[in-house]
Each structure stands twice: as structure tokens, then as C-alpha cells.
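What follows is a short report on a single structure.
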Amino acid sequence: MQKEALIAANFIGFFHFLWDDIDMLNQMGYKIYAIGDNEKKEDYTLKIMAEKNVTFIDAKIDAKSPFTKNNIVYYSKVKDLLKEHHFDVIHCHTPIVGLLVRCAARKYRKQGTVVIYTTHGLAFTHLSSKKEYFIYHTIEAFASRFCDAIITINKEDYESAKKLYCKNVFHINGVGVDTEKFKSADIDRDAYRKKINIPKDKLMILAIGELSYRKNHIVIVKALAKLADKDKYVLAICGREMTAGGTGKDIREIAKDNGVNVTFLGFRSDIPEVIKCTDIGVMPSIREGLGLSGIEMLSEGIPLVGSDVQGIREYIVNGKTGYLCHPFDVDAFAKGIEKLSDSETRESMKLNCKEIVKQFDIRVSVEQRKEIYNQVLK
């Protein structure tokens, strides 16, 4: 009888980070099922799943709070799925899905099902308020009783997870960055800048990530507003506008009121090419499991100014690959950007940036995950 595996994540787009996990389970002989929310009808992702022989189950999920009607329905759907199949392994990702799936799978663990949870950034950190820390820590501590392994992608989360109730806690260097795709993106820089409406005489600052409070793009706009020569910069933001809790309107208003040049590039499929147009990268997130976009910019030798949080501090080394700041310290971000506006300073960091990225290469991450699967599923 063929072994069966279930992979659970919030939205179908998240599975683009999980193709290597799926390939590994295929190679190990598992029949794979995936459950997630396909509200945006991503046919391209479904096509890849079909090519990888993955059976997809569409289930609506609310990623902000576990206690909603959609999530109650989701929980019931997962329980029905677990009754129908005897999954040998369940691997869940993202906080709400991780909570609901682990709770639904409790009795099946007693029947031999192995449950793995990968946290792509714990919601409680050293910067959390006491209330936030208590709520999110309590939820993660509760759910940690119902899994056989927790995988973390940064050292702060690894140390935090070891204090929970799961015996097996692992650390990997994220899902990995494929640096080869950047080498193959050969462009005429001036021509590509023109294509994305970035003047060739401006210093381009790049931020990648949805326009949300957590991604904190606003601090960069405020930092640029403080610089006397702010007109020589243009902040380019690659990321989706958020329908709920988005910051796009606030960013536009602050930029307009302070004379800051901001270009909204939207969600992109040409990130390697856009990065090659960039002078300075920024990673101002309030909370970040790792932040692959930061690593992608470093792989092109582009130094960063970023928040001193979780995963970001794993690849920004002050004075070597960029500068770290408290996520709400506007002055520190302004100083970091000002330092990196000097071309000689950026050039002096280029080799360090490319060197530090090697530990986050996708091939390293795949080997780490293979080792965990072999250990947990033996």
C-alpha cells in the first residue's frame, strides 16, 4: 500500500516555497495531497501540482485569526480528510494552518501519523508587546504538544521553539535561494530602469514585500524625508497592495507630503532583473522569519539597511553587508541609507554580501530538509 502525505499551508501561492519538499516526498514514494486556499484561482500553481502528481484540496482560510467561520469549516474539512486517508506524514506551514491542522491530527498521531510543523517566523519575538507575546506564545506552546517535529528558519525562533513542548526542534537556513537564476538574468541596466520608470541618474532603493504593516515600508519613506538630498533617491516597492490592513494609501500620502520619490512596481515575476537595477536594498520588517528577498539582493552584491529582527540579523552584518536598525528608528534607517549612498562603501561590501549568501543556497537547504525527513520519518 502506497504511503500518503499531506502538506498544508494557508494560500496556494505559498506552495511555490515547498516544491523541494514535494519532490523529496515523491522520491520517498509518497502519494501527496496538498490543502490550501485558492481564492485567487492560481491555475499556474495547480498545473505544477498536477505535473508533480499532487492532489490539491481547496479550502478557504482566514490567516489573521483562528476563530472565524471559514476556519471552523477548514478545521472540519481537514478532519474529514484525515478520516478518509491514513496519512503517514502531515507537514503543516504558517501559524493558523499549523494550529488547526495539529489540533485536527491529535488522535491520528496515536495511530502512527507523524506531524511536522515548519514555522516561517514565530509571531512572538523580543520586540512583541507583553500582550502579543502572551497570546502568541500561549498558542504556539499549546499546539507544540501535538507535533513530532518543529522546523525553524532562524536562530531566535530555534531557541524559542526549544522552550516549547515538542521534543524535536530543528533549524534550517530557510527554504533556500536559487542564486543560479540571478546569474542567468542578463540585462541592459539603463534600458531596464527605463522600462520600470526608474531614472538612471537616481539611486534606486528597493523594498520587496506586500504593502502591509508588518513589512513596514513606511519607515523608509520617513527616513528618506529626513535626508537633505532626498531627491537623488527613488524608493521602488515590489509587492501586492493589501485589501485589508494595507499601507499603500499611507505610504503615498507621507511620500507626497514630504517630497519623497516612490515608485510602486506591484507584484513582479521579474525580480532578478529588478534587483540588477538596484543600488541599495532595504528590509524594514517589524517581524521576519528570514526574508528571502534580502538574501536575493545580497546575492547580487547589493548591501542592505534592515531591521534588527529574527531572520534579517542572520545576514546583515553591520559595516560588512549593510546596517541594522531598530524597526521604528527612522534616524537609524536614514543614516544607514546615507552611508550606502556612497558608491565606494557599497563596492567595499560587495564580496561580503555574495559570500554570506552561500549558507542560504537552496542546495544547502534541501540537504538540511532531507536529513530532517530521514530522521523524523525513519
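The values are calculated or read from the model by the stated rules, or taken from the named source; none is laboratory data. What you see is a predicted model; the values in this text were computed from it and never measured. Please note: Cβ atoms are built from the backbone with ideal geometry, for glycine as well, and neighbour counts cover all protein chains shown.
Tally the residues that are in a helix (DSSP H, G or I), surrounded by fewer than 17 Cβ atoms within 10 Å (Cβ to Cβ) and touching a residue at least 12 places away in the same chain (Cβ under 8 Å), restricting the search to segment 80-104.
1
Enumerate the pairs (first residue in segment 305-332 and among the aromatic types (F, W, Y) and buried (at least 16 other Cβ atoms within 10 Å of the Cβ); second residue anywhere and assigned to a strand (DSSP E or B) and at pLDDT 95 or above) with beta-carbon separation below 7 Å, excluding pairs fewer than 6 apart on the same chain, so at least 6 apart or on different chains.
Cβ pairs passing all conditions: Y323/V305.
Could you please find all residues in segment 147-160 being assigned to a helix (DSSP H, G or I) and charged (D, E, K, R)?
K155, E156, D157, E159
Name the single residue that is surrounded by the most Cβ atoms within 10 Å (Cβ to Cβ) among those in segment 111-142 being assigned to a loop (DSSP other than H, G, I, E, B) and either in contact with a helix residue (DSSP H, G or I) (Cβ under 6 Å, 6 or more places away or on another chain) or among the hydroxyl-bearing types (S, T, Y) (or both).
L122
Report yes if some residue within segment 290-302 is touching a Cys at 6+ places or on another chain (Cβ under 8 Å), part of a loop (DSSP other than H, G, I, E, B) and not acidic (D, E); otherwise report no.
yes
Do you know which residues across segment 49-95 are among the acidic types (D, E) and within 30 Å of L290 (Cβ to Cβ)?
Correct list: E51, D58, D62, D88.
Looking at (1) assigned to a loop (DSSP other than H, G, I, E, B); (2) touching a Leu at 6+ places or on another chain (Cβ under 9 Å); (3) at pLDDT 95 or above, which one does K163 not meet, given that it meets all the others?
Just one mismatch for K163, condition (2).
Which residue is farthest from S299 (Cα to Cα), if the candidates are limited to segment 357-378 and must be in a helix (DSSP H, G or I), more than 18 Å from the chain's Cα centre (by Cα) and hydrophobic (A, V, I, L, M, F, W, C)?
Only one residue tops the list, namely V376.
In segment 270-303, what count of residues is obtained for those that are farther than 19 Å from I220 by Cα and over 16 Å from the mean Cα position of the chain (by Cα)?
Number of matching residues: 7.
Tell me whether segment 244-267 contains one or more residues that are closer than 30 Å to V364 by Cα, in contact with an Asp or Glu (Cβ under 8 Å, 6 or more places away or on another chain) and of a type in the set (A, V, I, L, M, F, W, C).
no
Collect the residues in segment 272-289 that are at pLDDT below 95, farther than 21 Å from E159 by Cβ and either out of contact with any helix residue (DSSP H, G or I) (no Cβ under 7 Å at 6 or more places or on another chain) or not assigned by TED's automatic domain parsing to the domain that holds L235 (or both), keeping them in residue-number order.
none
For the structure I just gave you, tell me whether K320 is over 30 Å from D62 (Cβ atoms) and touching a Cys at 6+ places or on another chain (Cβ under 9 Å).
yes
Looking at Y108 and the list (1) outside any helix (DSSP H, G or I); (2) touching a residue at least 12 places away in the same chain (Cβ under 8 Å); (3) aromatic (F, W, Y), which single condition is not satisfied?
With (1) outside any helix (DSSP H, G or I); (2) touching a residue at least 12 places away in the same chain (Cβ under 8 Å); (3) aromatic (F, W, Y) applied to Y108, the lone miss is (1).
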